[in-house]
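The values are calculated or read from the model by the stated rules, or taken from the named source; none is laboratory data. Note that the structure is predicted; figures quoted are calculated from it, not measured. When we count neighbours, we look across all protein chains shown, and the Cβ atoms used for this are built from the backbone with ideal geometry, even at glycine.
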């Protein structure tokens, strides 16, 4: 492993160490406490203060934390009430997703100046394949350092970057030096660096799986890499060989160019349980409207919609419907979502909901194959286009569709 230094490669090194294979150079860039860092940058009064980004209501959840807050044991997905018990002096900031998207766009434009092979994992995280840029544009760590410098110069934010021969190793490397880190794991050093790491550091191993492995004496990457099938098959089944390869740092997955989201969703956790149908319907229509705008901006259409409901006892249920032809139309999606919710409420009269969500999947490029749409459909698309233009200029809340009656 080499931190903050220029790497030196021999001509014989490769992903697996074999002679003659094409060497890959992959970066994993992870912005440091992204949401909280944007809030701190935009509000200098928060500098060096613990910041929690998330809902402030009694059922609010922490979406992101600053490093100052993490020292108190606060982490994302924690109930806000518990987070404030651990860190009572923290400042709670409501998420500004549109603002984070603006900053993310700047960051990803920097990535694409370096390479067109960018796989975005979220607003603040991505893989970059820079194999074709080495050595003409410098060695991998030199390129990674320039990316960090550009991000800091253009956004005022820091990033941690992992450099490795594949996605798995690059991701692990970025986690080894945070925040504002730069860590390289060379092909010849993969086992040396990975072997001592706890198995919890391997993607795909959660607390329950880790507990089972610990009981079998498998606690480190080395233990997993060298374990017999008799130990691994009962835990991983047919994926035992794959997990052993991962522990050895073997990963042949390509970096996907601008990989498309598999789904788009929105949900809301209520401050109090809600049983009123009209209130639930209004909330669902608003979320569906936001989803419709998002996929239209990307020229996508969806072929499946699902709703999610969570009861006061945390029981979570879902209903879904597939449809053809695919659509991104707000009115069409609202009718489907409203129908699913109405049917569920009819079957559960008086039910109170803690959370309500809606999502679309089966996404594909909108190829506008419907050359002779019905008049009503054409009118709806014109309205959607107008609303999209207004939203792009004045924000999503500037103008919205009127809602159809509750089913």
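For the range 50-65, a residue qualifies if it is closer than 11 Å to residue 92 by Cα and in a loop (DSSP other than H, G, I, E, B), and the qualifying residues are 50, 55, 56, 57, 60. Applying the condition of being in contact with a helix residue (DSSP H, G or I) (Cβ under 8 Å, 6 or more places away or on another chain) and either part of a loop (DSSP other than H, G, I, E, B) or not assigned by TED's automatic domain parsing to the domain that holds residue 290 (or both) to the range 305-329 and asking which residue is surrounded by the most Cβ atoms within 10 Å (Cβ to Cβ) yields 328.
Of 172, 143, 107, all but one fail to be on the phi < 0 side of the Ramachandran plot and under 16 Å from the mean Cα position of the chain (by Cα); the exception is 107. Could you check the range 87-103 and list, in sequence order, the residues that are in contact (Cβ under 8 Å) with a residue 40 or more places away in the chain and part of a helix (DSSP H, G or I)? Those that are in contact (Cβ under 8 Å) with a residue 40 or more places away in the chain and part of a helix (DSSP H, G or I): 98, 99, 100, 103. Any chance the range 20-43 includes a residue that's exposed (fewer than 14 other Cβ atoms within 10 Å of the Cβ), over 15 Å from residue 169 (Cβ atoms) and at pLDDT 95 or above? Yes, the range 20-43 has at least one match.
Residues are listed down the side, and each one gets a yes or a no for (1) in contact with a strand residue (DSSP E or B) (Cβ under 7 Å, 6 or more places away or on another chain); (2) modelled with pLDDT under 95; (3) within 18 Å of residue 289 (Cα to Cα):
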position	(1), (2), (3)
350	no, yes, no
358	yes, no, yes
364	yes, yes, no
375	no, yes, no
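No other residue among 52, 27, 84 is more than 20 Å from the chain's Cα centre (by Cα) and touching a residue at least 12 places away in the same chain (Cβ under 8 Å) apart from 84. The number of residues in the range 85-110 that are within 13 Å of residue 62 (Cβ to Cβ) and either loosely packed, with under 15 Cβ neighbours inside 10 Å or touching a strand residue (DSSP E or B) at 6+ places or on another chain (Cβ under 6 Å) (or both) comes to 7. Selection within the range 134-154: residues that are out of contact with any strand residue (DSSP E or B) (no Cβ under 9 Å at 6 or more places or on another chain) and in contact (Cβ under 8 Å) with a residue 60 or more places away in the chain. The member of this set that is nearest to residue 23 (Cα to Cα) is 134. Just so you know, in the range 107-162 the residues that are modelled with pLDDT of 95 or more and assigned to a loop (DSSP other than H, G, I, E, B) include one that is nearest to residue 187 (Cα to Cα), and it is 130. Answer with yes or no whether residue 77 is outside the structural domain of residue 274 (by TED's automatic domain parsing), within 29 Å of residue 263 (Cα to Cα), more than 20 Å from the chain's Cα centre (by Cα) and in a loop (DSSP other than H, G, I, E, B). No: the conditions fail for residue 77.
Could you please let me know if residue 62 is in contact with a strand residue (DSSP E or B) (Cβ under 6 Å, 6 or more places away or on another chain) and at pLDDT 95 or above?
In short, no.
For the range 192-208, the set of residues classified as surrounded by 17 or more Cβ atoms within 10 Å (Cβ to Cβ) and more than 16 Å from residue 170 (Cβ to Cβ) consists of 195, 199, 205, listed by residue number.
Right, residue 335: buried (at least 18 other Cβ atoms within 10 Å of the Cβ) and either at pLDDT 95 or above or not assigned by TED's automatic domain parsing to the domain that holds residue 279 (or both) or not? It is false that residue 335 is buried (at least 18 other Cβ atoms within 10 Å of the Cβ) and either at pLDDT 95 or above or not assigned by TED's automatic domain parsing to the domain that holds residue 279 (or both).
Give, as residue ranges, the helices (runs of 4 or more DSSP H) completely inside the range 198-257 that count at least 2 residues that are closer than 25 Å to residue 24 by Cβ, touching a helix residue (DSSP H, G or I) at 6+ places or on another chain (Cβ under 9 Å) and touching a residue at least 12 places away in the same chain (Cβ under 8 Å).
221-226, 240-247
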